[in-house]
């Protein structure tokens, strides 16, 4: 593609993380060819999805629930290496093995209604006219920053999980970690060994999960998230409904007082935070481990959102447009869920393409 005109094909996959690569793999398995029948566009500079941006201290041995991509296992990985390096290399090898030809870095700016029943995918390398779209953009590009009174007056440093550099940078500092999810606890347990002082605040009391977490429990958790997207509400992460696993590391951190949770503050001051009951806390750093939102703003021209703020999805299909499938969204946000969603989306799209054959009179512009 030369960046001019419109390139017509069957499917555009937006995003090359776990969900996007799974979808691309299954598109190839059904006989579609990369760059002829479908294209994979990825905003990231290299292979690895969001994993490539993880902090160096998150080694592969600390990763929970990384599920192999379809058709190729991840074997022999060194648990002491950064997860970004291990999984980045795995994704690179996967793309090469199956000839997925991911285009990167490419930013998808908007998806609009086109002519002849096609979707116009406007990107930094040109415009694609697709018969179907698989959106696999995940959440990493949309970190959620809560807003509190006085936030702009704080003279210390504020950063989000997306910018977390590892524990060494907080040596000798007073650090406030905000957020009750897995990232918040991981940050706290690391930073506590180098910081002068750490404090943990959450909106709700943390819920710890004891005992095994098997297939039955996993399906029940996914069902709760799935119900939200069926209602057109913004999806919650699967982790948000499972609770925090009460493992040995968490128990040790609780015993040391590292996970001594405080209620959410009411405002931010130039030197820290304050509660309405008169308590104040001076800190050097506020680390927002407050999660992410689905990166779907480029789909806005299609008007897929429901009044509740989310896109209503049945399986992977957007209820308002059968040509659009969301993978890695809501209930399929886990690595194993993303694999299954990629397969399901491709099966549905194949049925759609067979039911609606190529319209007559479609011409690919010269030079494309």
query = In nm, to one decimal, how far is the modelled label at residue 208 from the one at residue 303, with both set 7 Å along Cα→Cβ?
reply = 5.1 nm
ask   = Out of 27, 302, 120, any idea which swings most in a Gaussian network model of the chain, alpha carbons joined below 10 Å?
value = 302
query = If r is the Cβ-Cβ distance from residue 147 to residue 62 and R0 is 51 Å, what FRET efficiency results, to the nearest 0.05?
reply = 0.95
query = By its C-alpha gyration tensor, with a ≥ b ≥ c as the square roots of the eigenvalues, how is the stretch 168-208 shaped: rounded for a/c under 1.5, else prolate for a/b larger than b/c, else oblate?
reply = prolate
request  = For the stretch 13-58, take the alpha-carbon Rg, divide it by the Kirkwood Rh, and send me Rg/Rh.
outcome  = 1.08
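Work out how much length residue 264 to residue 248 would gain on full extension: take 0.36 nm times their residue separation and subtract the Cα-Cα distance, in nm to one decimal. Can you show the working numbers first?
Numbers: separation 16, 0.36 × 16 = 5.76 nm, distance 2.63 nm.
Stretched out fully, the residue 264 to residue 248 stretch lengthens by 3.1 nm.
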Anisotropy class of the stretch 70-180 from Cα gyration tensor, a/c 1.5 cut = oblate
ask   = Rounded to the nearest 5, what is the percent of antiparallel bridges among the DSSP beta bridges in the chain?
value = 40 percent
query = What percent do you get for the relative contact order of the chain when only Cα pairs under 8 Å and 6+ apart count?
reply = 23 percent
note = Short to long, in 10 Å steps from zero, the percent of alpha-carbon pairs of the stretch 95-156 per bin is 16, 32, 24, 16, 12, 1
query = Against the longest alpha carbon principal axis of the chain, how many degrees, from 0 to 90 and to the nearest 10, is the axis of helix 18-29 turned?
reply = 20 degrees
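If you take the beta carbon distance between residue 36 and residue 80 as r and set R0 to 45 Å, what does 1/(1 + (r/R0)^6) give as a FRET efficiency, to the nearest 0.05?
Working: r = 42 Å, r/R0 = 0.93.
Given R0 = 45 Å and the Cβ-Cβ separation, E is 0.60.
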task = Rounded to the nearest 10 degrees, what's the angle between the helix 215-230 long axis and the longest principal axis of the chain, both from Cα atoms, 0 to 90?
result = 70 degrees
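In the calculated pair distance distribution of the stretch 260-321, what percentage of Cα-Cα distances lie above 17 Å?
Values: 1137 of 1891 pairs.
Result: 60 percent of Cα pairs exceed 17 Å.
Based on the alpha-carbon gyration tensor of the chain and its eigenvalue square roots a ≥ b ≥ c, which shape applies: rounded if a/c is under 1.5, prolate if not and a/b is larger than b/c, or oblate?
Since a/c reaches 1.5 and a/b is larger than b/c, the shape of the chain is classed as prolate.
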query = Radius of gyration and Dmax for the stretch 27-132's Cα atoms, expressed in Å?
reply = 16.5, 53
ask   = Angle between the Cα long axis of helix 83-97 and the longest principal axis of the chain, 0 to 90 degrees, nearest 10?
value = 10 degrees
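None of the figures in this text is laboratory data; all of them are computed from the coordinates on show. Given the structure is predicted, the values throughout are model-derived calculations rather than measurements. All Cβ positions, even for glycine, are placed from backbone atoms using ideal geometry, and neighbour counts span all protein chains on display.
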